[in-house]
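One structure is given here, and the rest of the page talks about it.
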Amino acid sequence: MRLIDSLVRTSRRRSPWLFHLNAGSCNGCDIELVACLTPRYDVEQLGIRLEGSPRHADIIVVSGPVTRTTRAALETVYAQVPDPKVVVALGSCPASCNVFAGSPTVEGPLDRILPVDVYVPGCPPRPDAIIAGIAEAIALLAEGGHA
Amino acid sequence: MTVGRALFQLLVFPGLLYAVPVAWLMLWMERKLTARLQGRIGPPFYQPFFDFVKLLAKRPLPRPPLQALAMSALPVLAVAGTLGALALLPVFPHSGGFTGDLVLLVALLEIPPLCAVLAGFVSRSIYGELGATREAVLSIAYSLPFLAALVALAAAANSLSLSVISQQAMWQVRLPALLALALCLPVKLRVNPFSVANAEQEIYAGATTEFEGPRLALWELAHGLEWVALTGLWAVLAFPAANAAWPLRAVVFVAISLALVLVLAAVAAATARLKLAQAARVYWLWGSALGVLAMVVAVVWP
Amino acid sequence: MSPVIPVGPYHPALEEPYKIELDCDGEAVREAHITVGFNFRAIEWLAERKNYTQDLALVERVCGICSNVHTLTFSRALEQLAGVEVPARAQHIRVVVHEAERLHSHLLWAGIAAEVIGFQTLFMTCFALREKVMDLLEAVSGNRVNYAMNKPGGVTRDIVDPGMVAATAQAIRTAMEREIIPVFTTDRTVRARCAGVGVLTRDEALAWGALGPVARASGLPQDIRKAAPYEIYDRLDFEVPVRPEGDVLARIVVRALEIVESCRIIEQAVDGMPAGPIDAGDFIPVPAGEACARIEGPRGEVFYYVASDGSDVPLRVRIRTPTFQNMPTVALMVREQTLADVPLIQASIDPCYSCTDR
């Protein structure tokens, strides 16, 4: 059993698949996340893949201050990701609503809606910082996530 | 074919024990070569294995019982069908086999696409349905050249036995038939330029969009096994040396299979995805032309 | 099969949340309905409640891809209100950053276009080249995204190494001409996917008020940099690429040639950069009045209207972005096309929904 446990833990560490959800972001964080996939940063080395379907994902990466119109989708997607899962708040918007704080159409910050595990601050964070944040999320995932 | 021999072929070589690690190896090779061609480092060697274990260890989402059953059974069936097809490959001369195993092989190779079509529909997602529809349309398009090539080989060898077919020289038929089969490989393996049924930017993951955790793990495994089975079939047909010693045959079989993976990955990396109608036309036109050519040669040039 | 296929609001082909609902007959699209508003953060409402300095940071975040365009247009509107002349060196620096942003935006778009037709290798090639632009922007402004370069009256940072900027622009131009343009224009699978797809005729482009590269790919030679030159554009030598075909391939070609032109503009702007101050000094709060400013962003004309009552908070800020104008043409272009073309056609206008929704 211990062998299987450690194999599972290693696999989770080596194969984190992301689902990215833009909850009213300005694209700044989103494009830096895409830059992580490209030759200079190439996160596939770490086994990271950006998945199109939330059902395939392990880590939910949320950018943006959570607008009214994206909140329902956010909750649906969270329910669709199978356990264990980890939520990463990408950028300053999901952390604090950033310059959009006080807007009547913003329902963030993200921790009012979902349990957030890792914050990656920055407006937008550099790709290096995003990778560091995902590495933190991976460590949580290996231990079984927050679920 | 003795029971022991059949079990060996199913469970050891070229079946389970050989095919599963090689499936992961091929999935890795495909991803790694693509990454290298794109100027990236790419995934580590063990990547497909860890992907598989991680997906197995995920908790499945709650579903209605009948749907859950269907969604679990279909990928299992796809894996089983592909393993069965692998067991029939006549890698070694006189390795048994029986008259008509060609027909069984064709039927078994059709199981994974059929399961994928059903999977798309039982998952009750619009993208799953679209993927299933595309899979079905493509399967009609590539079946003609695929079957024509195999029928031409059978006709030329005057036998429905795979080991007889694989040991006869008959290059005049074999060449167009192998070309037709090679043309069918990218669409059966869902890679560019024919990755229409799993076109991520159009319909998510197609038929497997709604599958999660262990169920998805089995699909990934079935996909890897399809790589082994289809490249293996091609390798067996491309090396018809009847008198070669068994170690040589085994080595050549593996070498041709792996080389074919590299070629397919390189072609995939250098092309865009075609549309459904464009892809189907390639098979109706060029695929069928090659298949028919093989058949004509088989009949007029005995 | 259900007749309505939703694409979005979350879909692998879409960079941002918005929704196209397709009435389909098998794979053929009959009718498309577009829903926007997922990114609505009430930026104009917020802008009327923050002071001008805060608004500069706010409008920078209308869009993370063309952030510089927004601060530049906003600053130009304030300069107009105050009647302030921007120093020559600041104008040159503004043009360098403005064009560098066009470079990264167009390369980003080329990459996304390659990605949606499943050509991942070309996507990677475009993004590898884009990293060079990002390095340039980072060297000039200190940031990769949201450069914070513009301020009312000038720029916030000087260009200390003009030689590096010119050399990078030249390297990008060479790479474009040698690597990327040939693949997009000659690769058979790319042509099969892009030529004759999503046609917008010249008349339709006029009637629907298309802007920027979308209009130019439909034969309309329309560019604010030529029509109403701002900063130093009247003194620069550059072409405005126009194609008559109106299909997706024409939009690719127009943007690819614009990248080459932008590199030439950067080289010229750096070359002729005079010495002097980079900032006209503080002039906020601006006097009462109203002003409009428009510039040619990567996606087309960006328009700002600012009304002031003389206080440090604007009375009204109105932002109109090019995607707002171009978006309706998508519904027109996807008609009678196949489902597989929809992601490409919607991407071909280079949509920016965070700009549109604000």
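Odds and ends about this structure:
- Remark: the B:LEU66-B:ILE41 segment gains 4.7 nm on full extension, using 0.36 nm per residue and subtracting the alpha carbon distance.
- Computed [θ] at 222 nm, deg cm²/dmol, the protein assembly as shown (DSSP H ≥ 4; -39,500 (n - 2.57); rounded to nearest 500): -17500 deg cm²/dmol
- Exposure proxy order (Cβ contacts within 10 Å, fewest to most) of A:CYS29, B:CYS184: B:CYS184, A:CYS29
- Alpha-carbon centroids, the range C:242-276 and the range C:149-188: separation in whole Å: 10 Å
- For the pair B:VAL299 and A:GLU143, a Förster radius of 60 Å applied to the C-beta separation gives a FRET efficiency near 0.35, rounded to the nearest 0.05.
- Tail fraction, Cα-Cα pairs, the range C:129-233, threshold 21 Å, whole percent: 62 percent
- At q = 0.09, 0.14 Å⁻¹, base-10 log of I(q)/I(0) for chain B (Debye sum, equal scatterers on each alpha carbon): -0.43, -1.08
- Cβ-based exposure ranking for C:LYS151, C:LYS50, in which fewest neighbours within 10 Å come first: C:LYS50, C:LYS151
- With neighbour counts taken as other beta-carbon atoms within 10 Å, the residues C:ARG316, A:ARG112, A:ARG40, A:ARG49 rank, fewest first, as A:ARG112, C:ARG316, A:ARG40, A:ARG49.
- The protein assembly as shown - share of DSSP beta bridges that are antiparallel (%, nearest 5): 65 percent
- Cβ-placed point charges (K, R +1; D, E -1), dipole of the protein assembly as shown about Cα centre in debye, nearest 20: 1920 debye
- Inter-part distance, the range B:7-62 to the range C:298-330, computed on C-alpha centroids, equals 51 Å.
- Cut-off 11 Å (backbone N to label point 7 Å along Cα→Cβ of A:ARG9), residues of the range A:56-92: none
- Straight-distance crosslink candidates among lysines, where the alpha carbon sits under 30 Å from C:LYS50 and sequence neighbours closer than 8 are dropped: C:LYS151
- Cβ-Cβ FRET estimate between B:LEU248 and B:ALA289, R0 fixed at 22 Å, reported to 0.05: 0.05
- Length gained on full extension, C:ILE284 to C:ARG235, computed as 0.36 nm times the residue gap minus the Cα-Cα distance: 14.7 nm.
- Of B:LYS58/B:LYS188; B:LYS54/C:LYS19; B:LYS54/C:LYS132; A:LYS85/B:LYS32, those spanning more than 31 Å from alpha-carbon to alpha-carbon: B:LYS54/C:LYS19; B:LYS54/C:LYS132
Taken together, the values in this text are just the output of simple stated rules run on the coordinates, not laboratory data. Since we're looking at a predicted model, the values are computed, not measured. Cβ coordinates were reconstructed from backbone atoms using ideal geometry, including for glycine residues, and neighbour counts include every protein chain displayed.
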